[in-house]
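The values are calculated or read from the model by the stated rules, or taken from the named source; none is laboratory data. Quick caveat: nothing in here was measured; it's all calculated off a predicted structure. Positions of Cβ are backbone-derived with ideal geometry, glycine not excepted, and every protein chain shown enters the neighbour counts.
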4 protein chains.
Amino acid sequence: MLPAMTDRTPARPAPLPVIFDGDPGLDDAVGWLLALGSFEDVQVLGFTAVHGNVPLALTTRNAGVVLALSGEAGRDVPYFAGADRPLLREGVTAAGVHGATGLPAAGLPEPLRAPEAEHAVDFIIRTVRARPGEVTLVATGPLTNVALALRLAPDIAPLIREIVWMGGSTGHGNRTPAAEFNALVDPHAAQIVFGAGVPLRMVGLNVTMQAVATPDRVAALRALGNRAGAACAELLTFYAGVYRDRYGLSGGALHDPLAVAAAFRPDLLDWQSMHVQVETQEGLNLGRTVCDLYGVTGRPANAQVAVGVRDREFFTLLLERIARLP
Amino acid sequence: MLPAMTDRTPARPAPLPVIFDGDPGLDDAVGWLLALGSFEDVQVLGFTAVHGNVPLALTTRNAGVVLALSGEAGRDVPYFAGADRPLLREGVTAAGVHGATGLPAAGLPEPLRAPEAEHAVDFIIRTVRARPGEVTLVATGPLTNVALALRLAPDIAPLIREIVWMGGSTGHGNRTPAAEFNALVDPHAAQIVFGAGVPLRMVGLNVTMQAVATPDRVAALRALGNRAGAACAELLTFYAGVYRDRYGLSGGALHDPLAVAAAFRPDLLDWQSMHVQVETQEGLNLGRTVCDLYGVTGRPANAQVAVGVRDREFFTLLLERIARLP
Amino acid sequence: MLPAMTDRTPARPAPLPVIFDGDPGLDDAVGWLLALGSFEDVQVLGFTAVHGNVPLALTTRNAGVVLALSGEAGRDVPYFAGADRPLLREGVTAAGVHGATGLPAAGLPEPLRAPEAEHAVDFIIRTVRARPGEVTLVATGPLTNVALALRLAPDIAPLIREIVWMGGSTGHGNRTPAAEFNALVDPHAAQIVFGAGVPLRMVGLNVTMQAVATPDRVAALRALGNRAGAACAELLTFYAGVYRDRYGLSGGALHDPLAVAAAFRPDLLDWQSMHVQVETQEGLNLGRTVCDLYGVTGRPANAQVAVGVRDREFFTLLLERIARLP
Amino acid sequence: MLPAMTDRTPARPAPLPVIFDGDPGLDDAVGWLLALGSFEDVQVLGFTAVHGNVPLALTTRNAGVVLALSGEAGRDVPYFAGADRPLLREGVTAAGVHGATGLPAAGLPEPLRAPEAEHAVDFIIRTVRARPGEVTLVATGPLTNVALALRLAPDIAPLIREIVWMGGSTGHGNRTPAAEFNALVDPHAAQIVFGAGVPLRMVGLNVTMQAVATPDRVAALRALGNRAGAACAELLTFYAGVYRDRYGLSGGALHDPLAVAAAFRPDLLDWQSMHVQVETQEGLNLGRTVCDLYGVTGRPANAQVAVGVRDREFFTLLLERIARLP
Ligand SMILES: [Ca+2]
Ligand SMILES: [Ca+2]
Ligand SMILES: [Ca+2]
Ligand SMILES: [Ca+2]
């Protein structure tokens, strides 16, 4: 499809076919640009938007903006609107962190076309069925779309190659002391996904809070000189303040980009197999991903949980791939 | 469509277009036969099966059996398979009450054709959109299909004329002290439906346990002399034992037939507007429909709850309508 | 002790030794007057006050007021302050129903003496130990004192003759759709008591809402012509309004007096043995007494639950006994 | 009382008067020996036993054994039996970790005298009232006794100098993925204590798992040559296996000794003020101490939570103090 792909030697594995489901959201956007710049590793099958950081109308539109930002790489990639609210709970947004539109940067392009008419969930079901065993889902928002697809079409569970999710934590939460935002917003959807028997990687706060967009890194992105690098720099600058003030970090955490990278470069993280269950009871611990690190429950592992990250290598990859975009 | 319908005088309202969603299940079957025999009142748009009393494969097949039993009335009615499990919880069945197949009667006909390929949820969405404001859903099983339709297509909420549900209770449960079976099996789905803003009637155990298939009534059904009456009699005999032994009733309760009748003959019941919320927390009260009878919560009504029933008139109607079938 | 008692024939059983624990509260007061007027049936060992309808300082004082009202009958009865808050939850009062002081009547006497220095819980423990197998506890408030006694001195569980509790419901609640006030205020204490293995009678809303202080009955109390009758009439008039407006009753319910009567005249009610568990999970059903009426849980009975009441006989008794007081 | 104390220079603060409440339990025992050997820092007012690692009869007896082991230091120290079960839940023990008796070592002395007749809770209440503002409680087991004291005598809350508790965790649990043993056994008691407004230090697994009785340290205790050192060495050897196998540590964690040291040497740990709430809802997170490390809840701090430990200095102290005992 892209000229660069014809250069690959035969030994190189084919790019991984991936559907990206998320709630852009500024770090989703940076993560999706990483994917679009990684054409030798990732075949972007489509972007499916879900409610989350901002309402669905905005996350859907932002999917189109990211594609427009990516130029040639995203030209033929379709995007879809999905669920406009969590399964059970009232929606929660994070406009304080992601700005009113979810993409708080100036001069972003308009989407080049409208979203597809097909529902995100139907697209996921249809695509997985069409390529049994091949499709990876990278989810970087609340898991409402993925859960609906699994319940509406349980036959796809054994057909999904892998789900990689940015969400949860083996330790502290962010939105509450117990819960990470994506898990908190739709804990019931998250529990459906963790219970579905699909190979699953969880990239939680315990690792993503170690992948920080420090001022130096933001400067490096800006110094790339391209529009994508400038947009990433501006977006990551926007939310550095809250990370500095609340968590004492030197910049915003690269949550979603790390999960995107984990899909095709799992070697960048350390993984531990364990049982994970999501708290769906209302109260203090709602949305907590209870990770059985020491195997005390005796329940079988249902996820590969990221427990370490090679942060420097990860950022080098991010910089290199953003550099390729216009 | 049926000759009898051409006899109606112009003043008579057109038959109510209804989708019947349920888990036959012997009382679903009796209820659906009541609907099929009520052609001047009800236009049966389709049967959509859901997991519940027995697994989905059986409830779907049983939908086909009921149509075959109804002869001409059900000849053109399509039926559909829906969700094979609750949204979050493990499935629970009631084979002890409904027999291993869900239709414990001898000599029932085979389905005349296979279920449609379309998913029950897609059928519901498509049909409601095609006839905005006209379609009633009568749900006599766990609400998984209805909840999935509402979440996948939130635009249909204001387009549904009414949902009539057999489920819940203002008082005691049956499967547990707190919960009625349909509510217990998928409490999350039930809460989605009660929270959807759709006009809703709840026909719960507090009234259905007053509509009992006494031995006299079973005999009257058998005495109709047709196959449908014989089948109803045999099915209702099957579960009379459990109602006698556990609840001290003189026969099985006509849960689902009463909800079916309520859709086109709401005058057979007394209704009270109130706020109802379904308990989704695990534990003692899971699945309980908490009915604010006295308005102590201050929350606005979201349902018409049946609080009384004219049982004798109801059974007269049932007998008359079953009599019309082959 | 009282002259009247010397008249009893030898065949008559000795008066039942009873500790009354409650939160007066106007219906507690009427109930305690009933006890004090029933000297041939009840030996009042003491009144122990607990937080509840009004704060502890007031319920304690009100215990002294009731004793003063009763004249000779209560002259030697000690009273004690107990727990000032529920075990876990924040306190909740019902000043809207019981008035700011808990005894909204004019011209009530001052307590004749101060409460004892001993803590209510210590008094209960000491008294039960001193008369093993003999002492009945009649609790007409939140069960905090009783639960503390059982946990502090588990040896008393097999020594208590019986606990009779006004609280809970087999059906609707009053403070919430699910919960009766006494159960809601300290559900953890209630669950401790239901789990303690002590013979237990529950007199819940399902029967007490049938024992109504109608205007005729209030008039009859007033017509007794004594101070106690006038006080009862005034107190019961006070809260008739809320019962009329909210529950459509013709007067206030005689909750606590019915429980007091049940202790020495259990024949006034119908009882069913069953398993009862109190919901301690926060949320919709907090404080609900889940009554396994049909034995579907398979758990052994832990309470005699009142399921019917001979209301007329009960009120006749109440009137007769109040008449004896000054 | 002890000769050594007369040597203190006037500038030295008086020993801290402390009640030790716990469930010995082998690490309670080591901790209490540390206290008994620290006579210039700690005045041991009494040991109060609670159910926990082993049943109450054994924890009470073990309190007597520890006193006997300590020789002169514990000669006049009274000990008391307290609660024999948690407030609400069924008791849970840890005999797998602490052995059937709770003190799995050979040749331990018999208690020199019986426990006092007074209840542990009454002793706590009486002692705190007698020395307002002076008494510290060091609790190294489930908090049932402390919670009962606070509820029975709420007046003592402002009179307690400080509660130091070994329990909870800012991160992972041990008995479940979410909960530490002491918190899990009686989460309701723990929440009562955290809500009581008493100055509170929490020494949780996040620090105690860093204070490990390595083989070298066990050898150093044994090399002290005294009976107490030998007993400590044998006890700590007993549970090294489970820590090695489950947590990958080189020895058992010195949970309770670290909390004991924290009472009079808080400088050995790093502390952070924060809001802590204990999960009392049944389910996955029952007993979790939800620590608001980042202040996202906006609730005021109610505890000083240990977040770091100077492990080497701590063990040096432990060794030095055990050395003083017979
Ligand atoms: Ca995101
Ligand atoms: Ca059904
Ligand atoms: Ca009361
Ligand atoms: Ca301990």
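Of the helices (runs of 4 or more DSSP H) lying entirely inside the stretch C:137-206, the ones with 3 or more residues being more than 22 Å from D:ASP84 (Cα to Cα) are found at C:181-185.
Residues in the stretch A:94-109 that are surrounded by fewer than 20 Cβ atoms within 10 Å (Cβ to Cβ) and part of a helix (DSSP H, G or I): A:ALA95, A:GLY96. Restricted to helices (runs of 4 or more DSSP H) entirely inside the stretch B:239-326, those with at least 1 residues that are without any contact (Cβ under 8 Å) to a residue 40 or more places away in the chain are B:240-247, B:311-323. For C:GLY173, the requirement of being small (Gly, Ala, Ser), touching a helix residue (DSSP H, G or I) at 6+ places or on another chain (Cβ under 8 Å) and within 11 Å of another protein chain (Cβ to nearest Cβ) is met. Taking the numbered list (1) surrounded by 24 or more Cβ atoms within 10 Å (Cβ to Cβ); (2) touching a Phe, Trp or Tyr at 6+ places or on another chain (Cβ under 8 Å); (3) at the interface with another protein chain (Cβ under 10 Å from one of its Cβ atoms) in turn, A:ARG151 passes all entries but (2).
With respect to the conditions (1) surrounded by 24 or more Cβ atoms within 10 Å (Cβ to Cβ); (2) within 12 Å of another protein chain (Cβ to nearest Cβ); (3) not polar (S, T, N, Q), A:ALA306 falls short on a single one, namely (2). Against the criterion of being closer than 30 Å to B:GLN281 by Cα, out of contact with any Phe, Trp or Tyr (no Cβ under 7 Å at 6 or more places or on another chain) and within 14 Å of chain A (Cβ to nearest Cβ), B:VAL50 qualifies.
Residues in the stretch A:137-145 include at least one that is modelled with pLDDT of 95 or more and farther than 22 Å from A:HIS275 by Cα. Say we look at the stretch C:178-227 and pick out the residues that are of a type outside the set (D, E, K, R) and without any contact (Cβ under 8 Å) to a residue 12 or more places away in the chain; which of these is farthest from ligand 1 (Cβ to nearest atom)? Within the stretch C:178-227, the match that is farthest from ligand 1 (Cβ to nearest atom) is C:GLY225. Only a single item in (1) touching a residue at least 60 places away in the same chain (Cβ under 8 Å); (2) of a type in the set (A, V, I, L, M); (3) not in a loop (DSSP other than H, G, I, E, B) is not met by C:ILE125, and it is number (1). Looking across the stretch C:253-291 at every residue that is among the charged types (D, E, K, R) and farther than 27 Å from B:GLY287 by Cα, the one that is farthest from the other protein chains (Cβ to nearest Cβ) is identified as C:ARG265.
Restricted to the stretch A:14-41, and to residues there that are in a strand (DSSP E or B) and surrounded by fewer than 23 Cβ atoms within 10 Å (Cβ to Cβ), the residue that is nearest to ligand 2 (Cβ to nearest atom) is A:PRO17. Here B:ARG61 passes the criteria (1) in contact (Cβ under 8 Å) with a residue 40 or more places away in the chain; (2) in a loop (DSSP other than H, G, I, E, B); (3) of a type in the set (D, E, K, R) except the one numbered (2). Residues of the stretch D:76-93 that are assigned to a loop (DSSP other than H, G, I, E, B), modelled with pLDDT of 95 or more and away from chain C (no Cβ under 11 Å): D:ASP76, D:VAL77, D:PRO78. For the residues D:VAL97, D:VAL121, the requirement of being over 17 Å from D:CYS291 (Cβ atoms) and within 14 Å of chain A (Cβ to nearest Cβ) singles out D:VAL97. When each of D:GLU72, D:GLU134 is tested for being away from every other protein chain (no Cβ under 14 Å), charged (D, E, K, R) and part of a loop (DSSP other than H, G, I, E, B), the lone residue that passes is D:GLU134. When B:ALA211 is tested against (1) touching a Leu at 6+ places or on another chain (Cβ under 6 Å); (2) surrounded by fewer than 19 Cβ atoms within 10 Å (Cβ to Cβ), just one condition goes unmet, and that condition is (2). How about the stretch A:43-68: which of its residues are away from ligand 1 (no atom under 16 Å from the Cβ) and buried (at least 24 other Cβ atoms within 10 Å of the Cβ)? Those that are away from ligand 1 (no atom under 16 Å from the Cβ) and buried (at least 24 other Cβ atoms within 10 Å of the Cβ): A:VAL44, A:LEU67. Here the stretch A:158-170 is the region considered, the condition is being within 16 Å of the chain's Cα centre (by Cα) and within 13 Å of chain D (Cβ to nearest Cβ), and the residue that is farthest from B:ASP186 (Cα to Cα) is A:SER169.
Contact map, the stretch D:14-31: first residue within 14 Å of chain C (Cβ to nearest Cβ), second residue within 16 Å of ligand 2 (Cβ to nearest atom), Cβ cut-off under 7 Å, separation 6 or more or different chains; the map is empty.
Quick one: C:TYR294 ticks every box in (1) within 8 Å of chain B (Cβ to nearest Cβ); (2) surrounded by 18 or more Cβ atoms within 10 Å (Cβ to Cβ) bar one, so which box is it? All conditions are met except number (2).
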